[in-house]
1. Using 15 Å as the cut-off for backbone N distance, which residues of the stretch 124-150 belong to the label zone defined by a point 7 Å from the Cα of residue 80 along Cα→Cβ?
2. Using only Cα atoms, tell me the angle between helix 117-126 and the longest principal axis of the chain; keep it within 0 to 90° and round to the nearest 10.
3. Rounded to the nearest 10 degrees, what's the angle between the helix 312-323 long axis and the longest principal axis of the chain, both from Cα atoms, 0 to 90?
4. Sorting check: for 303-309, 134-140, which peptide has the highest mean count of neighbouring beta carbons within 10 Å, and how do the rest follow?
5. What does DSSP give for the chain in terms of the percent of beta bridges that are antiparallel, rounded to the nearest 5?
6. Neighbour counts of other C-beta atoms within 10 Å: give me 82, 286 arranged from fewest to most.
7. Assuming R0 = 41 Å, what is the FRET efficiency of residue 128 and residue 332, from their Cβ-Cβ distance, to the nearest 0.05?
8. For residue 350, put the label point 7 Å out on the Cα→Cβ axis and report which residues of the stretch 363-380 keep their amide N under 11 Å from it.
């Protein structure tokens with residue numbers, strides 16, 4: 001029998017039972033009046049979370065599929081694109097761009113530091129790029145990149161900006177229209193607190209203008225914004241997508257989005273800030289050092305430096321095997337140097353948090369460290 005784990009990884013997350021119950025209902029067809037009511041309500045709720053009046057599509061697949069869709073639709077082979085890189089997922093954006101034959105102009109910051117808008121302006125003065133693409137929440141390091149000023153810099157140069165908000169939308173402030181985000185992508189298995197399987201992508205009028213100017217006929221059919229727009233325009237009255245949608249996933253997403261909207265975005269964002277502060281303070285109180293300074297640390301995932309007394313892999317293995325708790329490790333050059341604690345889904349509840357913090361304390365005591373019981377609960 002498969003063991004049930006409490007997920008403190010950056011994603012996917014431990015999902016509430018009401019979302020899972022909704023997904024367990026009999027399968028619906030992906031067209032017709034009954035489906036349109038569910039689909040359109042889900043879109044409207046998603047637009048409230050994105051804070052956009054623009055177009056939005058629900059696409060079967062992971063978040064990277066929708067980033068693939070955005071880049072491949074907006075740009076033609078040979079175009080230059082400025083890619084923000086300060087971690088593993090920025091590197092992935094560069095790889096996606098290169099797969100379309102785009103010329104990547106790197107815009108970098110060191111690991112654990114955010115991308116700088118003035119550095120972007122300097123690059124844009126020298127390069128004849130066609131777009132800028134950045135990650136909002138770089139979960140490999142848990143840095144938050146400053147999307148609003150980065151978007152301003154892109155727009156000053158007359159360029160659209162694509163934002164990978166896969167691990168941030170619905171968890172931190174990201175008003176798509178107010179900040180001028182031209183293409184914004186997220187996925188259901190992070191802050192939207194659903195199982196994996198769906199990506200959401202919003203498109204601004206500025207982005208559509210460039211999509212319509214681009215000759216990218218070799219950039220695919222399924223992951224092509226023009227295809228999805230065509231079906232919405234021609235078939236939207238009864239069949240709103242070009243492919244069969246995973247209806248149960250969307251029914252579950254509707255339940256989660258209803259809860260997010262009912263909680264209120266500001267209250268929700270503030271709650272994640274409180275949770276992350278409690279984790280940072282609690283782990284700091286038992287001797288851990290955070291990888292990212294407070295001023296640009298994510299409230300959704302916390303990166304913690306390994307300690308010299310034991311390999312970080314030993315602690316993560318013990319938490320999994322002895323306490324049924326899964327925590328994320330470091331990626332690539334950060335492997336073995338940090339671990340990453342997610343604060344989403346049930347990991348944001350007091351019950352889960354206390355279990356995690358007490359289990360970390362217990363491991364430290366087993367390693368012979370004099371950690372008083374409850375020392376990590378100071379922030380709760």
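No value in this document is a laboratory result; all are computed from the given coordinates. Predicted, not measured: the structure shown is a model, and the values here were computed from it. Ideal geometry is used to build each Cβ from the backbone, glycine not excepted, and the neighbour counts take in all protein chains shown.
1. Residues passing the 15 Å test: 124-133.
2. 40 degrees
3. The answer is roughly 80 degrees.
4. Peptide ranking by packing, descending: 134-140, 303-309.
5. If I count the DSSP bridges inside the chain, around 50 percent turn out antiparallel.
6. So the residues, fewest neighbours to most, are 286, 82.
7. E(calc), rounded to 0.05, equals 0.85.
8. From the stretch 363-380, the list is 380.
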